[in-house]
Every structure is written in C-alpha cells, then in structure tokens.
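Colleague: First, the structure itself, so that you have it in front of you.
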Amino acid sequence: MIGFAFTATAQDNEKAEFKFNEEKHDFGKVPQGIPVTTVFEFTNIGKEPLILTEVRPTCGCTIADYTKTPVKSGEKGEIKITYNAAAAMPFNKTIVVKSNAKTPEKYLNIVGEVVVAKPATGSGTN
C-alpha cells in the first residue's frame, strides 16, 4: 500500500505544472469603447511538456489567444486576454484554463471598471 502511494506521488511530480506571473489582473479604470489586453505569462515548472487543451472566457465580451504548442519543462508560454469595454460598469471576468497539468483546471481573473470617457473641453476663450 505504501509503495503504491509513493508511485502515484512520483508520477504526479513528473506532470507538467503552471507557475503564472499573475493569476488576477486589475485593469483599473478603462475608457468605455476601448478594448484592453493583458498577457498572463506562465512557466512550466513540471517535467512533462505542458499542453493547453482549452482557454475559455466565461463571457462573449472577452477573447483569449494562447500558446498552442507544447511548453517544455522550464519554458514559458502565454495567455493573451482582450476585454471589450462596451458597458460602463465594474467587471470581474473569469477565464477557465484546461490542460494536462497536475492542476488540470486553473482560473484566471480580470477586473476593472469601464468608465464613460469625458469629452475634451476647451478653455472657452478665443
């Protein structure tokens, strides 16, 4: 029984695993109507190549692009997220990342507040 537990743990240590530069990005105040983008960079700290099988934003206002090739041990990959700041309101969006990693499902978040852009005003003197 102990031998089996050790074998399972040893296999887990071989699996690919994420180490993100950040898992939540705060855009702060974003002007309405201007899409914003951030890049979540990660390193594979496991031994096996890391393969992203799906990167799925939880709403249609967010687009994801990501490293499609296997990320070897010690190498970096990225997940680029673009949020369409259409509605003036605070936002908190989740992106579901599925892979062959030891933690097969990770969640990334983007937050911020879309604000109405104030029109430029002149000094009123000519």
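The values are calculated or read from the model by the stated rules, or taken from the named source; none is laboratory data. Bear in mind the structure is a predicted one, so any value in this text is a computation, not a measurement. Glycine gets a Cβ as well: all are built from the backbone with ideal geometry, and neighbour counts include every protein chain shown.
Colleague: Please note which strands (runs of 3 or more DSSP E) are completely contained in region 1-68 and include at least 2 residues that are of a type in the set (D, E, K, R) and either under 30 Å from residue 114 (Cα atoms) or modelled with pLDDT under 95 (or both).
Modeller: 24-31, 52-57
Colleague: Which residue, of 34, 45, is of a type outside the set (D, E, K, R) and more than 23 Å from residue 93 (Cα to Cα)?
Modeller: Going through 34, 45 in turn, the sole match is 45.
Colleague: Can you pull out every residue in region 40-73 that is of a type in the set (A, V, I, L, M) and farther than 13 Å from residue 83 by Cβ?
Modeller: Those that are of a type in the set (A, V, I, L, M) and farther than 13 Å from residue 83 by Cβ: 45, 50, 51, 52, 55, 71.
Colleague: Suppose we keep only residues that are surrounded by 14 or more Cβ atoms within 10 Å (Cβ to Cβ), under 13 Å from the mean Cα position of the chain (by Cα) and among the charged types (D, E, K, R) within region 79-115. Which one would you say is nearest to residue 26 (Cα to Cα)?
Modeller: 93
Colleague: From the list 101, 85, 120, which residue is at negative phi, modelled with pLDDT of 95 or more and in a loop (DSSP other than H, G, I, E, B)?
Modeller: Of the residues listed, the single one that is at negative phi, modelled with pLDDT of 95 or more and in a loop (DSSP other than H, G, I, E, B) is 101.
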